[in-house]
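Working notes for the structure below.
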Amino acid sequence: SFQPSDPILTMVVDSGLKDDLVLGDPDAPRFVLWNGKLRPVPAKPNDLPFFDLMSIGGKIRAGFGALGIRPPPPGREESVEEFVRRNLGNEVFERLIEPFCSGVYAGDPSKLSMKAAFGKVWRLEQNGGSIIGGTFKALQERNKTTKPPRDPRLPKPKGQTVGSFRKGLTMLPNAISTCLGSKVKVSWKLSSISKVDDGGYSLTYETPEGLVSILSRSVIMTVPSYIAGTLLRPISGKAADALSKFYYPPVASVTISYPKGAIRKECLIDGELKGFGQLHPRSQGVTTLGTIYSSSLFPNRAPDGRVLLLNYIGGATNTGILSQTESELIEVVDRDLRKILINPNAEDPLPLSVRVWPQAIPQFLIGHLDVLDTAKAGLREAGMEGLFLGGNYVCGVALGR
């Protein structure tokens, strides 16, 4: 799924998919596993006093910290764990942010950089002296600036939700390809890049028709950093060395289906499985990182009487998935779900898809932005103006980035 921001919605409309867009219910709860129970995450400020994921003491500590009553910044780059524990307390970190880091980055928050991974929140404290102070300042600045009128063609999502398409995300690249036609080349593998005398670039590709060279004024590289580094080594060793430092842990997605009757009664709302899904803190004795309730989130994802669950497993704290078979991964996910969501005596799940990415999500570790700057500096020093680094290790791991 994706956050339905205006840039993505513009792409959706421009590629002819407006009528195929599906949006999740913004009021659907999100859950975190804590002490053996799925507990809803607060969705709105007025939920804060009543949700049971945190203790009263933990909520008070978070409130004081957000107002600025907390230790000052240490004067060095902080990890996500250090920043959150210092600003909002241990409970916010352990019960909200740690599982969120597992869900977004499949990462270890003791190593992720707050500045690089969650820069918007990091800047609030920098700009306003506290998270609340920075929020007020950001709102004041936003009110001062005149926003351009919104494109009237764009749909208006209600509340905080996620989007997909009638037949899944694959509809988007297929629609873009149809719009662009023969401009899109697939099965072309870039083998070398070289600078030419007029300042442009010569790109040599291995294609189904043999070697093809093309000339270009500029090049935008959105391949993973380890592939970009290999291609750029003949041009800039400095850039290649920097790009080789980014770490991508493995992640597997395991998609399985159960009969609707397999869901535990205490997990149903009005007799249905409702919600975006659930996240699992590493401290709760569960291997799976989290589960998305695909058939609850979007229409026509499963036949009547069945539910479809998309599960993620692996990440920076569990690289051992690379030595496991597909059936072993399904077994681990099924065992975890029977502790939380599925009746222990339910029939075996119907496995639909297991996909393992050996190098899945780039980790925005402490020093990430400095390493990225070094790579860009290496390209500048080699005279590579017009060659741009892009992709998820540059801009952020979410699709909208």
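Could you grab the relative contact order for the range 186-234? Cα pairs under 8 Å, six or more apart, rounded to a whole percent.
Numbers: 61 pairs, mean separation 14.4, N = 49.
With pairs under 8 Å counted, the relative contact order is 29 percent.
Short version: ³J(HN,Hα) in whole Hz for each residue of the range 287-300, in order, from phi by Karplus 6.51 cos²θ - 1.76 cosθ + 1.60 (θ = phi - 60°), x for Gly and Pro, what are they?
7, 4, 6, x, 9, 9, 7, 4, 6, 8, 7, 10, x, 6
In whole Å, largest first, what are the principal axis extents of the Cα atoms in the range 251-357?
39, 27, 26
For Val307, which sequence-distant residues (separation of 5 or more, or a different chain) have an amide H within less than 5 Å of its own amide H, given hydrogens modelled in the peptide plane?
Tyr258, Lys260
So what's the angle, to the nearest 10 degrees on a 0 to 90 scale, between helix 131-144 and the longest Cα principal axis of the chain?
Between helix and principal axis, roughly 60 degrees.
How high is the relative contact order of the range 44-144, in percent, with contacts defined as C-alpha pairs under 8 Å that are six or more residues apart? Intermediate results must be reported in sequence, preceding the final value.
Details: 101 pairs, mean separation 26.3, N = 101.
That works out to 26 percent.
What is the distance in Å between the Cα centres of the range 300-334 and the range 137-153?
Here the answer is 42 Å between Cα centres.
Give the relative contact order (percent, whole number) for the range 308-401; include only Cα pairs under 8 Å separated by 6+ residues. Write down the numbers at each step before the final one.
Values: 26 pairs, mean separation 19.1, N = 94.
About 20 percent, as a whole number.
Return the label of the correct value of percent of Cα pairs over 36 Å apart, as calculated from the structure shown, out of [x] 33; [y] 39; [z] 21.
Matching entry in [x] 33; [y] 39; [z] 21: [x].
Classify the range 353-392 as rounded, prolate or oblate from the Cα gyration tensor: take a ≥ b ≥ c as the square roots of its eigenvalues, call it rounded if a/c is under 1.5, otherwise prolate when a/b beats b/c and oblate if not.
It is oblate, given that a/c is not under 1.5 and a/b is not larger than b/c.
Could you go through the range 246-260 in sequence order and give the Karplus-derived ³J(HN,Hα) for each residue, using 6.51 cos²θ - 1.76 cosθ + 1.60 with θ = phi - 60°, rounded to whole Hz, and x for Gly and Pro?
Per residue, the Karplus-derived 3J(HN,Hα) values read 6, 9, 10, x, x, 9, 10, 10, 10, 9, 9, 10, 10, x, 4 Hz.
First check a/c for the range 182-237, with a ≥ b ≥ c the square roots of the eigenvalues of its C-alpha gyration tensor; if it is under 1.5, answer rounded, and if not, answer prolate when a/b is larger than b/c or oblate otherwise.
Details: a/c = 1.66, a/b = 1.18, b/c = 1.41.
Oblate, since a/c reaches 1.5 and b/c is not below a/b.
Tell me, what ³J(HN,Hα) does each residue in the range 8-15 have, in order and in whole Hz, if you take phi through Karplus 6.51 cos²θ - 1.76 cosθ + 1.60 with θ = phi - 60° and put x for Gly and Pro?
5, 5, 4, 5, 4, 5, 5, 8
With every protein chain present, what is the per residue accessible area of the chain (1.4 Å probe, Å²)? Before the final figure, lay out the partial values.
Working: 21360 Å² over 401 residues.
Heavy-atom accessible area per residue stands at 53 Å².
Report, ordered by chain and residue number, the aspartates and glutamates lying within cross-link reach of Lys238, taken as a straight Cα distance under 15 Å and ignoring same-chain residues fewer than 8 apart.
Of all the aspartates and glutamates, those that pass the test against Lys238 - Cα under 15 Å, at least 8 places apart if same chain - are Asp370, Asp373, Glu381.
Return the carbon/sulfur percentage of the accessible area of the chain, one whole number, probe 1.4 Å, all protein chains in place. Each step should come with its number before you reach the end.
Numbers: 11800 of 21360 Å².
C and S atoms contribute 55 percent here.
Using a Cα distance threshold of under 20 Å, what count of lysine pairs results for the range 101-166 when pairs must be 8 or more residues apart or interchain?
Working: Lys111/Lys120; Lys115/Lys137; Lys120/Lys137; Lys120/Lys144; Lys120/Lys147; Lys137/Lys147; Lys147/Lys156; Lys147/Lys158.
Step by step, the pairs that qualify in the range 101-166 add up to 8.
Is it possible to state the helix-based mean residue ellipticity at 222 nm for the chain, with each DSSP H run of 4+ residues giving -39500 (n - 2.57), the sum divided by total residues, to the nearest 500 deg cm²/dmol? What is it? Numbers along the way, then the final one.
Working: 14 runs with 128 residues, N = 401.
The helix-only estimate for the chain comes to -9000 deg cm²/dmol at 222 nm.
Can you list residues whose amide H is under 5 Å from Arg39's amide H, if they're 5+ apart or on another chain and H is modeled 1.01 Å from N?
Those lying under 5 Å, H to H, from Arg39 are Val32, Leu33, Trp34.
How large is Rg over Rh for the range 1-119, taking Rg from the Cα atoms and Rh as the Kirkwood inverse mean of 1/r across Cα pairs?
A ratio of 1.05.
Quick one: check the C-alpha center-to-center distance for the range 43-80 versus the range 219-233, whole angstrom.
Here the two parts' Cα centres lie 40 Å apart.
The values are calculated or read from the model by the stated rules, or taken from the named source; none is laboratory data. Predicted model only: the values in this text are computed from it and were never measured. All accessible areas refer to the heavy atoms of the entire protein, side chains included, with ligands and DNA or RNA removed. Shrake-Rupley method; radii C 1.70, N 1.55, O 1.52, S 1.80 Å.
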